[in-house]
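Structure, as structure tokens:
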Amino acid sequence: MNAGTWGVLIADVMGSSGRPNFRALLSGKLRIATIAHLEEKRIRLPYAVTAGDEFQTVAINLAEIPGLMFDLRRRLRPLQLRIGVGIGEVLGPVRPPVNQLGGQAFQLARKAIEDIKHHSAHKFEVLTAFRSTDESFDVVANLVYGLHDTLVQGISEKQWETISAYFAKNRVDLTARALRISVSTASRNLKRGYLWQIVETIESMRNVIQHSFS
């Protein structure tokens, strides 16, 4: 990866105003996600809430972004997220608190999340948008995630539950045992929850990012 090039994620929670005890729910889930993602070396800085329903972080490296976004969506269920990703420079040392940092990557992430809210990138609803200084990369990434998000929006809560258990156990039979369902039911939930397409998307986008910004 190019030295000085960072990936900034700005996320906001959809439909937060109608959810009771929202701030407590968001704070609790972000606390757990911060601990896990710091230990797994996915993020450089703890998540920080920067507005009522918005939070941000800096990825530890660009290749972590695809997996990080999906794991964040998984961990914050039932909250639904829009995520804008900006790839560029960050001003000054990259250290906490993240809400006091600035620079190109933050500006691009802000533009990306505004693209989602105003349907600038697609004529259909998406949950993810990328902005960088590489227009060719942005076209590819936003096309891939436009299709990817169509699948993600079709995942049921039962399927999310099975996906989360699979990520913890990493085997279908152990997933079924943990959820007290049959192996065939677990397998069906994972297939209908598009897990295998999502896993391939994450790996493919890691490669695209590494090729684009190496």
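The values are calculated or read from the model by the stated rules, or taken from the named source; none is laboratory data. Note that the coordinates shown come from a computational prediction; the quantities given were computed from them, not determined experimentally. All Cβ positions, even for glycine, are placed from backbone atoms using ideal geometry, and neighbour counts span all protein chains on display.
Among the residues of the stretch 69-76, are any among the hydrophobic types (A, V, I, L, M, F, W, C), in contact (Cβ under 8 Å) with a residue 40 or more places away in the chain and under 20 Å from G4 (Cβ atoms)?
no
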- Between a first residue in the stretch 181-204 that is farther than 13 Å from I163 by Cβ and in contact (Cβ under 8 Å) with a residue 60 or more places away in the chain and a second residue that is among the aliphatic types (A, V, I, L, M) and crowded, with 17+ Cβ neighbours inside 10 Å, which pairs have beta carbons less than 9 Å apart while being 6 or more apart in sequence or on different chains? T201/V144; S204/V144
- Query: Scanning the stretch 14-43 for residues that are at pLDDT 95 or above and not in a helix (DSSP H, G or I), which turns out surrounded by the most Cβ atoms within 10 Å (Cβ to Cβ)?
  - Reply: I43
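Out of the residues in the stretch 13-23 meeting the condition of being of a type outside the set (K, R) and closer than 23 Å to L127 by Cα, tell me which one is nearest to the chain's Cα centre (by Cα).
Ranking the candidates gives V13 first.
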- Task: Check the stretch 46-62 and report whether any residue there is without any contact (Cβ under 8 Å) to a residue 24 or more places away in the chain and farther than 23 Å from I87 by Cβ.
- Result: no
- Task: Say whether the condition of being in a loop (DSSP other than H, G, I, E, B), among the aromatic types (F, W, Y) and either under 20 Å from the mean Cα position of the chain (by Cα) or crowded, with 17+ Cβ neighbours inside 10 Å (or both) is met by at least one residue in the stretch 181-198.
- Result: yes
- Read through the list (1) surrounded by fewer than 19 Cβ atoms within 10 Å (Cβ to Cβ); (2) assigned to a helix (DSSP H, G or I); (3) hydroxyl-bearing (S, T, Y), then give the number of the only condition that Y145 fails. (1)
